[in-house]
Amino acid sequence: MGEDGNTSTFNISYTNFFLIGFPGLQEWRPLLFLPLTFLYVTIISANALVIHTVVAQQSLHQPMYLLIALLLAVNVCAATAVMPKMLKGFVHYANPISLHGCLTQMFFIYFTLLLDYNLLLAMALDRYIAICHPLRYTDLMTSKLLGVLAILALTRSLGVAVPLVVLTSQAPFCRTMVIPHFTCEYIALLSIACGDLTFNSKLGLAMRLVTVTFDLALLGASYTRIIYAAFRISSGGARAKALHTCGSHLLVILTIYLSGLSTSIVFRVAKTVSQDVQNLLSAIYLLLPGALNPVIYGVRTREIRQHVEKMFYSKKSAQEVRGKPERMQSMIVEGK
């Protein structure tokens with residue numbers, strides 16, 4: 001018998017599992033499938049619409065809009081890493097997944113989340129240069145710098161996600177084959193692992209704290225300087241535009257970091273909270289950015305909103321123009 005009372009601690013390590021998300025809502029699972037499917041389709045469609053607008057409009061081929069498009073593309077990838085398997089779990093109570101599949105899903109979850117953080121840092125740098133050094137913006141914010149920022153974002157995301165996945169893969173999973181979650185999150189996998197997991201737990205917490213603390217410190221310093229510089233702009237219109245743009249970025253930052261912070265606090269402090277509540281907070285943390293970000297940027301960013309409205313108006317006008325000959329022909333046939 002193992003030290004923790006499990007007879008299989010040193011003998012068995014499961015390689016196939018069952019995801020059991022929201023076990024307390026078993027009777028409601030079929031009813032939740034349709035609204036969650038609608039949510040997933042909405043996330044994909046809304047993000048794709050804004051991305052298409054940025055790509056299609058030459059006037060939007062500027063660093064700020066390109067970074068927004070990249071952020072929304074990451075949102076699509078993050079939702080796709082979670083939602084299909086989650087939706088399958090609402091159809092089948094016991095949702096099977098292999099260890100390799102679980103680790104792959106875990107990698108994409110944390111890789112995309114970290115890319116979100118890194119792109120927000122790049123967007124803060126872009127706004128800092130645009131508002132604090134406007135005369136040098138075109139010289140500093142070049143395509144070469146964007147490429148460097150993209151490489152740094154990918155490297156930093158891999159540097160955190162890969163060690164977490166490798167460390168998790170080495171843990172023995174002998175407690176149970178059932179993962180009480182709808183996705184393969186790090187803490188959910190540790191909950192079914194056995195042996196001494198002190199290092200795993202501390203490393204995961206340390207990497208989370210260091211990443212979030214470092215990012216929030218940089219973001220706080222950048223936007224403090226940006227807002228201070230914006231208030232010093234003499235033109236009222238330019239000042240309002242700068243503050244409005246920064247407001248959109250700050251809304252996205254608050255959405256991502258506050259949802260993540262609430263999830264971490266509940267997982268590590270509130271032990272009496274039910275598994276369903278913990279899973280709900282995880283769902284909010286993983287899916288809320290993908291649902292809100294295209295709305296925030298699509299509505300609050302005037303240039304993007306105008307192009308979206310123009311695109312829909314053009315389609316409507318084209319349909320009306322095509323419909324006129326058909327109506328005239330119908331009138332002629334009817335003798336009117």
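The values are calculated or read from the model by the stated rules, or taken from the named source; none is laboratory data. Nothing here was measured: the structure is a model prediction, and the numbers come from that model. Here Cβ is always computed from backbone atoms with ideal geometry, including for glycine, and neighbour counts include all displayed protein chains. The protein model used for the area step is the full one, side chains on, heavy atoms only, and it has no ligands, DNA or RNA in it. Shrake-Rupley method; radii C 1.70, N 1.55, O 1.52, S 1.80 Å.
For residue 22, the residues whose modelled amide H falls within less than 5 Å of its own, excluding neighbours fewer than 5 places apart on the same chain, are 182.
With helices as the sole contributors, the chain gives -26500 deg cm²/dmol at 222 nm; each DSSP H run of n ≥ 4 counts as -39500 (n - 2.57), and the sum is divided by every residue. Projecting the Cα atoms of 259, 150, 308 onto the charge dipole of the chain, computed from C-beta unit charges around the Cα centre, puts 308 farthest toward the positive end.
Take every Cα-Cα distance within the chain, group them into 10 Å bins from 0 onward, and report for each bin the whole-number percent of pairs it holds. It works out to 5, 21, 28, 20, 13, 7, 3, 1, 0, 0, in whole percents. Computed from the Cβ-Cβ distance with R0 of 30 Å, the FRET efficiency linking residue 29 to residue 201 stands at 0.45. Expressed as a whole percent, the accessible surface of the chain that belongs to carbon and sulfur atoms is 68, based on a 1.4 Å probe. With the convex hull drawn over the C-alpha atoms of the range 97-176, the volume per residue is 92 Å³. Evaluating 6.51 cos²θ - 1.76 cosθ + 1.60 at θ = phi - 60° for every residue in the range 102-113, the Karplus couplings come out as 5, 5, 5, 4, 4, 4, 5, 4, 6, 5, 5, 5 Hz, glycine and proline recorded as x. Protection proxy ranking, highest mean first, for peptides 277-284, 141-148: 277-284, 141-148, where packing is the per-residue count of other beta-carbon atoms within 10 Å, averaged.
With the alpha-carbon atoms of the range 19-125 aligned to their principal axes, the span from lowest to highest coordinate is 50, 27, 20 Å, starting with the largest.
Close amide H pairs (under 5 Å, H built 1.01 Å from N) link residue 178 with 18, residues at least 5 positions away or on another chain. Under a 5 Å amide H cut-off, with hydrogens placed 1.01 Å from N, residue 95 pairs with 19 among residues at least 5 apart or on other chains.
Between residue 251 and residue 145, the distance separating the two model label sites (each 7 Å from Cα on the Cα→Cβ line) works out to 2.6 nm. Taking every C-alpha pair closer than 8 Å and separated by at least 6 residues, the mean separation divided by the residue count of the range 65-177 gives a relative contact order of 33 percent.
Between residue 12 and residue 305, the modelled labels are 5.8 nm apart [label points 7 Å from Cα along Cα→Cβ]. 3J(HN,Hα) along the range 66-72, derived from phi through the Karplus expression 6.51 cos²θ - 1.76 cosθ + 1.60 where θ = phi - 60°, amounts to 5, 5, 4, 4, 5, 4, 5 Hz, with x in place of Gly and Pro. Sequentially through the range 188-196, phi angles give Karplus couplings (6.51, -1.76, 1.60; θ = phi - 60°) of 5, 6, 4, 5, 10, 8, 10, x, 7 Hz, Gly and Pro residues having no value and appearing as x. Across the range 145-261, Cα-Cα distances exceeding 18 Å account for 67% of all pairs. When the chain is treated as a Gaussian network with alpha carbon springs shorter than 10 Å, the biggest mean-square fluctuation among 234, 157, 45 belongs to 234. Relative to the dominant Cα principal axis of the chain, helix 275-300 is inclined by about 20°. For the range 10-123, the solvent-accessible area with a 1.4 angstrom probe is 46 square angstrom per residue. Here the spin labels are modelled as points 7 Å beyond Cα on the Cα-Cβ line, and at residue 187 and residue 216 they lie 1.5 nm apart.
Restricting the chymotrypsin sites (Phe, Trp or Tyr not before Pro) of the range 8-52 to loop positions (DSSP other than H, G, I, E, B) with no more than 13 neighbouring Cβ atoms within 10 Å leaves nothing.
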